[in-house]
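The values are calculated or read from the model by the stated rules, or taken from the named source; none is laboratory data. In this text, all values refer to a predicted model and were calculated from it rather than measured experimentally. For neighbour counting, all protein chains shown are included, and Cβ atoms are generated from backbone atoms with ideal geometry for every residue, glycine included. Accessible surface areas use protein heavy atoms only, side chains included; no ligands, DNA or RNA. Shrake-Rupley method; radii C 1.70, N 1.55, O 1.52, S 1.80 Å.
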Amino acid sequence: MNPFVKFLSRRAGFLVLTFITFIFIIFLLPRAIPGNPLSTLLSQLFQRAQQNPELIKAVYRQLMEEFGIGKPLHVQFFEFISRTFTGDLGTSISAYPRKVADLVFSYLPWTLGLLIPATLTSWIIGNLLGALAAYKRKTIVDNALLPVFLTLSQTPYYWLAMILLFIFAVVFKVFPIGGAYTTGRIPALTLEFALDFLHHYTLPFLSITLSAMGGWAIGMRVMAIYELRADYVSYADSLGLPDSKILRYVFRNSMLPQITGLALNFGSILGGSLITEVVFSYPGTGFLIFTSLSRLDYPMIQGTFVLLISTLLLANFIVDIAYALIDPRIKTGYTGG
Amino acid sequence: MIPPIVMDLIKIKKLIISLSIFLAIVLAGLIGPIVYPVNPVVMTGPIEQPPSSKYPLGTDRWGRDVLAQLLHGIRNSLSIGLTAAAISLAIGVTIGVVSGFKGGITENSLMLLTDVVYALPSILLMMLIAAYLEERNPFLVSIVIGVTSWPWVARAVRSQILSLKTREFIDMSRMAGLGDLRIMFEDLLPNMASYIFMAFVLLMSGAMIAEAGLSMIGLGVTRGISLGIILYWAQLLEAVRRALWWWFIPPGVCLVALATSLLLLSTALDEYFSPRLRGE
């Protein structure tokens, strides 16, 4: 078999395994946890039954059906997994009878629209600054940058969000206090809406970019320090190659591990940005989770996590493959030399 | 006699700075509630007072003393961080040591498990598990954080073991007829004590940040107080919009200072133990 195909199928196998494990966890949680969260939810529904008996009965039937209550566990699991693979994530309770998948899909673009640009920007700027700090080691530049990187990397996104919000929206009223656009406006492809959108976008974008940047810079700094001491650097130096050229080599070589880091850290950045959405009342999936939690809308919470994690696993898979195509060392690994 | 290693360590500036910051906050959490005996959950004053001599950090929406909340919050966040880190470390080290030492199918299956859990982002797993727990006490939150944060430790410990187990002293133990368990825990583990300590420090700072994150999205401890819970209420009751800065700035500063000092501490130790990074 073509070694690359072999590598690809191994990674794909791992992707499927991870996904099934995750689905299994999601399936098991509401059923295995003592105190049964579902029964709490059902009794809460019954208490509200006086207000709107017909609706509550319909929701109740839907829940019984979707969670397969009363059926044997393995039947429940196979029903659950086949529904998930066909994209049916159940019905929302708080927004009954709307489907979870439809609702999550309407929130997902906001999350991705915030997450992807912020992650990439932080990655690029963080790597550049980290390489600069490594190159300027033992100078004032590094001594000033390093504490900033360390502190930023340990600053929770949402707290930085609160601080930025306080400074730029409350003390100096330069940016709006929250939301993705001015309430009452209808999203449209007009310049006016775009400006309004960017105005609301700036602070959430900055809080995620700044906090995520610290970690990248620290990683790159260490990597580049190691690399700067490699033999080829002193060799190139003794040949009289210009500094800028050597730096380019060093940068490229230190960059490779950072690409894997990008795949690995997508998850934690996503987690942080979900909470940041709550601070800004930004209409993404984090805000959706936050509001669903207070209404005990388990199908909605479950569905949101399924979609988020599937997106993430798929993104990691793509980065993995792209990385294997770029890095000659891995290429030798799968072609066997 | 002071052992020479202590003398060496004292000379590291990073280590001294990070330890002082960390210990100062720890002391505030341990002794603070005794020196400043105000009940953090009882309304003791007028609502939303800015800092004054009577209320050094002001009061919140229910007239609760923010400084008292902060001191108790530090204490609880630290204990959640410690417990969660201990749980992660126990799982990670066990899996790492056993898989690295045993090899074969044991290693393959344990590493597959580690890789699968590693691929699932821990903060999302935590949120998911916590969402199904109705009553979340501090210990339960520690468990949720602990059981999701260990994979990187398992991987790192395994690779350390792989290089350690080819050393001669291990062969000696084998020749002496020692069992696997004794070799693993008496020969291999003590040789990576410094490394495991660094992992613990990082796990602890990660766990404290994770606790705050869970609290912020509404999944923290259901009763009691922590740095994250203070931030959660401040956020929910719009402290930022209404410029009640004394309510949300101090808990965040403490959290960042705790986490940063721990990271700095582990960096300092790392540089001490692997001279390549120190760089002359």
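In segment B:30-136, counting only helices (runs of 4 or more DSSP H) that sit wholly within it, the ones holding 3 or more residues that are away from every other protein chain (no Cβ under 14 Å) and among the hydroxyl-bearing types (Ser, Thr, Tyr) span B:66-102. Checked against the criterion of being assigned to a helix (DSSP H, G or I) and among the aliphatic types (A, V, I, L, M), the candidates B:Leu219, B:Leu203 yield just one match: B:Leu203. Under 30 Å from B:Ile47 (Cβ atoms), more than 8 Å from chain A (Cβ to nearest Cβ), outside any helix (DSSP H, G or I) and not basic (Lys, Arg), is that true of B:Ile225? Criteria met by B:Ile225.
Quick one: is A:Phe280 at the interface with chain B (Cβ under 7 Å from one of its Cβ atoms), more than 14 Å from the chain's Cα centre (by Cα) and not β-branched (Val, Ile, Thr)? Outline the logic, then answer.
Values: at the interface with chain B (Cβ under 7 Å from one of its Cβ atoms): no; more than 14 Å from the chain's Cα centre (by Cα): yes; not β-branched (Val, Ile, Thr): yes.
Judged against the criteria, A:Phe280 is not a match.
For segment B:129-155, taking the residues that are more than 27 Å from B:Ile74 (Cβ to Cβ) and at pLDDT 90 or above, the one that is surrounded by the most Cβ atoms within 10 Å (Cβ to Cβ) is identified as B:Ala154.
Name the one entry in A:Leu264, A:Leu313, A:Leu308, A:Leu270 that is under 19 Å from the mean Cα position of the chain (by Cα) and open to solvent by 60 Å² or more (accessible area, probe 1.4 Å). Spell out the reasoning first.
On the way: A:Leu313 fails: open to solvent by 60 Å² or more (accessible area, probe 1.4 Å); A:Leu308 fails: open to solvent by 60 Å² or more (accessible area, probe 1.4 Å); A:Leu270 fails: open to solvent by 60 Å² or more (accessible area, probe 1.4 Å).
It is A:Leu264.
The set of residues in segment A:229-256 that are open to solvent by less than 50 Å² (accessible area, probe 1.4 Å) and either assigned to a helix (DSSP H, G or I) or within 9 Å of another protein chain (Cβ to nearest Cβ) (or both) comprises A:Val233, A:Ala236, A:Ile246, A:Val250, A:Ser254, A:Met255, A:Leu256.
If I go through segment B:154-177 residue by residue, how many of them are outside any helix (DSSP H, G or I) and either closer than 30 Å to B:Val116 by Cα or touching a Leu at 6+ places or on another chain (Cβ under 6 Å) (or both)? Walk me through how you get there before you give the answer.
Our first condition is that a residue be outside any helix (DSSP H, G or I); within segment B:154-177, this holds for B:165-167, B:176-177.
Add one more test, that the residue is either closer than 30 Å to B:Val116 by Cα or touching a Leu at 6+ places or on another chain (Cβ under 6 Å) (or both), and what stays is B:165-166.
Adding up the residues that qualify gives 2.
Of all positions in segment B:263-272, at least one carries a residue that is surrounded by fewer than 24 Cβ atoms within 10 Å (Cβ to Cβ) and either free of Cβ contacts under 8 Å to residues at least 24 places away in the same chain or within 8 Å of chain A (Cβ to nearest Cβ) (or both). Among the conditions (1) more than 25 Å from B:Val93 (Cβ to Cβ); (2) in a helix (DSSP H, G or I); (3) within 9 Å of another protein chain (Cβ to nearest Cβ), the only one that B:Ile209 does not satisfy is (1). Residues considered: A:Leu115, A:Leu164. Of these, the only one that is under 26 Å from B:Leu203 (Cβ atoms), buried (at least 20 other Cβ atoms within 10 Å of the Cβ) and either touching a Ser or Thr at 6+ places or on another chain (Cβ under 6 Å) or free of Cβ contacts under 8 Å to residues at least 40 places away in the same chain (or both) is A:Leu115.
Report yes if some residue within segment A:193-200 is surrounded by 15 or more Cβ atoms within 10 Å (Cβ to Cβ), in a helix (DSSP H, G or I), charged (D, E, K, R) and touching a Ser or Thr at 6+ places or on another chain (Cβ under 7 Å); otherwise report no. Reasoning before the result, please.
Just the residues of segment A:193-200 that are surrounded by 15 or more Cβ atoms within 10 Å (Cβ to Cβ), to begin with: A:193, A:196-197, A:200.
Imposing the further condition that a residue be in a helix (DSSP H, G or I) reduces the set to A:193, A:196-197, A:200.
Add one more test, that the residue is charged (D, E, K, R), and what stays is A:196.
If we keep only those that are touching a Ser or Thr at 6+ places or on another chain (Cβ under 7 Å) too, we end up with A:196.
Yes, some residue in segment A:193-200 is surrounded by 15 or more Cβ atoms within 10 Å (Cβ to Cβ), in a helix (DSSP H, G or I), charged (D, E, K, R) and touching a Ser or Thr at 6+ places or on another chain (Cβ under 7 Å).
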